[in-house]
1. Does at least one position in region 415-435 carry a residue that is assigned to a loop (DSSP other than H, G, I, E, B), among the hydrophobic types (A, V, I, L, M, F, W, C), touching a residue at least 12 places away in the same chain (Cβ under 8 Å) and within 16 Å of ligand 1 (Cβ to nearest atom)?
2. Could you list, in sequence order, the residues of region 134-168 that are closer than 19 Å to residue 56 by Cα and buried (at least 18 other Cβ atoms within 10 Å of the Cβ)?
3. Do we have residue 348 as in the same structural domain as residue 401 (by TED's automatic domain parsing), touching a residue at least 60 places away in the same chain (Cβ under 8 Å), away from ligand 2 (no atom under 11 Å from the Cβ) and open to solvent by less than 20 Å² (accessible area, probe 1.4 Å) here?
4. Go through 320, 284, 289, 304 for me and flag whichever is within 13 Å of ligand 1 (Cβ to nearest atom) and either assigned by TED's automatic domain parsing to the domain that holds residue 627 or not polar (S, T, N, Q) (or both).
5. Which one is nearest to ligand 2 (Cβ to nearest atom) among residues in region 407-422 that are open to solvent by 50 Å² or more (accessible area, probe 1.4 Å) and not hydroxyl-bearing (Ser, Thr, Tyr)?
6. Which members of region 195-254 meet the condition of being among the β-branched types (Val, Ile, Thr), within 25 Å of the chain's Cα centre (by Cα) and over 17 Å from residue 175 (Cβ atoms)?
7. Every residue in region 476-503 that is open to solvent by 30 Å² or more (accessible area, probe 1.4 Å) and outside any loop (DSSP other than H, G, I, E, B), please.
8. Of the residues that make up region 533-547, is at least one farther than 22 Å from residue 574 by Cα and part of a helix (DSSP H, G or I)?
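The values are calculated or read from the model by the stated rules, or taken from the named source; none is laboratory data. Being a predicted model, the structure only gives us computed values, none of them experimental. No Cβ is skipped: glycine too gets one built from the backbone with ideal geometry, and neighbour counts run over all protein chains shown. What goes into the accessible areas is simple: the full protein's heavy atoms, side chains included, and nothing from ligands, DNA or RNA. Shrake-Rupley method; radii C 1.70, N 1.55, O 1.52, S 1.80 Å.
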Amino acid sequence: MRILKPALLSATALCLVLGACNAPSSKTEIPAAVSTTDATQKIIKHDKFTYANYDQVRVTHLDLNLDVNFDEKVLEGTATLDFKRVGAGSNELVLDARDLSIKDIAVKDASDEWKPAKYTLGEADAIMGSKLTIEIGDTATKVRIAYRTSPEAEGLQWLSPAQTAGKKHPYLFSQAQALNARTMAPVQDTPAVRMTYTATLRVPDGLLPLMSAEQGAKDENGEYHFNMPQPIPSYLLAIAVGDIKFKAINDHIGVYAEQYILDAATEEFSETPLMEASNAKLYGPYRWGRYDLIVLPPSFPYGGMENPRLSFITPTLVAGDKSLTNVVAHELAHSWSGNLVTNSNWRDAWLNEGFTSYVENRVIEDLYGKDRAVMEQALSLEDLKRDIAGATRPELTQLKLPADMAHTDEAFSNVAYVKGQFFLMFLEDRFGRDNFDAFLKSYFDHFAFQSVTTEDFIKYLHDELHAQQPDALTKAELKEWIYQPGLPKTAASPQSDAFEKVAAQQTAWLANKISAAEIKTGEWSTHEWLHFLNTLPDGLSQDQFAQLDKAFSLTGTQNAEKAFAWYMQAIKGGYHAIDADLETFFMTVGRGKFIYRLYGELAKTPEGKAWAIDVFSKAKAGYHPIAQRRISDILAK
Ligand code: BES
Ligand code: ZN
């Protein structure tokens, strides 16, 4: 396994090399101007995690023509890119590539003939990959790159038949966000650039390929064709290939999955059409045609990924009681917040994830009522407060992240999600729900299919809402939320009656007034269980752990969220009766949200760490490359 070294480029070097110096630092005033372009409409380059010269030459379309080769674990073929010159233009096109072998490159100019092109592939940086510079002269508008991916590509997981549920066929799935599209194809791998795409795929007999695009039927040559007519950033490029079956929910929503879980998943996600309707009612029509879900193998390292037209989903959501479907609401909400209006660099990740968490929670409230929405807010806030309290670099708790952030992984903490959500809840509260809803709807419309910065949002908020209601909030309040660390005092504190009842039961049990078996849990939802487990105090006795376990069979529970919350407490409390089931959990669940923190908690004691290293050595081969890297880092500390 590759253990990645920290970034080789310092922040200053990146600033000089890549020109990522213009964005405001945490100490600067809120800028007045729209910042993706300056006053003269010159495009400013903000994203330091790309080599692309997108301020000079922009890719507008990608056409992939690929063999999916399971024997060698590679994608192999061509990527043909259309581009246009912008700003001052350039006779070089700069792309991102990581672990790609480039065979040859040709360009096409006005003469309409392909001619070999000169190019250089720079040295590989552990995070950025390699800079691919192609000579395009003055007139070329297309470049064709023959390449193959590496079996170690971080964005692709190749599963053997034994690692699938069906056991007969291999499986491949991708994860491009945030920096891994460049391990799948040479692209301008920045959310600042949007492109349309088409693809032709050849796969072994018996396997179905899917992409984040319109699906064409298999043609007479056995090739599959895909078309994504809406422009998307590279991080939404996605592919899955396997023995995948489909079941419809309605005429434009359905579920893809391996057969073993198809019926259960279709039932679990049967309310997706209601979520779509709720979203559309609030923020305007769904603009992507179909909306399907694909339930991936358990090694998928996320809860969900918002690939357009086809959200990728972890099987751990299929709990049997629809209690974890907020993740589907979340991925669907990205069809507005993120896929339609994208953060133009990862310092502004809250524009994607915070908006989406806010929209997700509004949809949950609309469909299931205030009680469930407030419980979900309260659970999220507990997580955020814990993370802020434990933050080693306070700047990483700002919504606008610092220019010297070392890796995009730092952008996806609870800060982007939950602080972002609570900021929008604050704005909703100050401007009034009706006004704020109309504003958000117009924001999605105004910036549809564009990439924006925090400063673009601030300007739009000022022009469209704040200018009309100047007394609703002060500039200082706004600035504190966006550019300062921690959680502002103006954050809401969600009050859940249901959670108060849970707390009362917990208190009575802790004070020995009732036994564990007498705790009234009969009607508890997953949310109430999570609150109960997350708020258990430190220092429970072994007997108390055993009582709870005996009364509620917590060890080995099939609800992954509950299992995670219980195992975290058990590890902290040294309750080893979980060990066998925790090992099974590590061997069967690859979702990062759970396993990173569980490994991290184990690593806090020498014995725990030794055990974790041993379990990881057995589980590693089944984990996604992203999870392998993250856990190696956690256990190397
Ligand atoms: N876009 C994210 C997943 C992601 C983040 C992938 C960063 C790669 C880098 C997705 O929308 C997400 O937020 N998933 C959450 C869902 C949850 C917050 C409801 C997850 O995976 O847990
Ligand atoms: Zn998200």
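1. Of all residues in region 415-435, those assigned to a loop (DSSP other than H, G, I, E, B) come to 432.
Pick out the ones that are also among the hydrophobic types (A, V, I, L, M, F, W, C) and you get none.
Within region 415-435, not a single residue is assigned to a loop (DSSP other than H, G, I, E, B), among the hydrophobic types (A, V, I, L, M, F, W, C), touching a residue at least 12 places away in the same chain (Cβ under 8 Å) and within 16 Å of ligand 1 (Cβ to nearest atom).
2. Within region 134-168, 134, 136, 140, 143 meet the criteria.
3. On the way: in the same structural domain as residue 401 (by TED's automatic domain parsing): yes; touching a residue at least 60 places away in the same chain (Cβ under 8 Å): yes; away from ligand 2 (no atom under 11 Å from the Cβ): yes; open to solvent by less than 20 Å² (accessible area, probe 1.4 Å): yes.
Yes.
4. Numbers: 320 fails: within 13 Å of ligand 1 (Cβ to nearest atom); 284 fails: within 13 Å of ligand 1 (Cβ to nearest atom); 289 fails: within 13 Å of ligand 1 (Cβ to nearest atom).
When all the criteria are applied, what remains is 304.
5. Out of the qualifying residues, it is 412.
6. So the first thing to find is which residues in region 195-254 are among the β-branched types (Val, Ile, Thr), and the list is 196, 198, 200, 203, 232, 239, 241, 244, 249, 253.
Still in the list and also within 25 Å of the chain's Cα centre (by Cα): 196, 198, 232, 239, 241, 244, 249, 253.
Matches in region 195-254: 196, 198, 249, 253.
7. Answer for region 476-503, where residues must be open to solvent by 30 Å² or more (accessible area, probe 1.4 Å) and outside any loop (DSSP other than H, G, I, E, B): 476, 477, 479, 480, 497, 500, 501, 503.
8. Step one: of region 533-547, the residues farther than 22 Å from residue 574 by Cα are none.
Checked against the condition, which is being farther than 22 Å from residue 574 by Cα and part of a helix (DSSP H, G or I), region 533-547 yields no hits at all.
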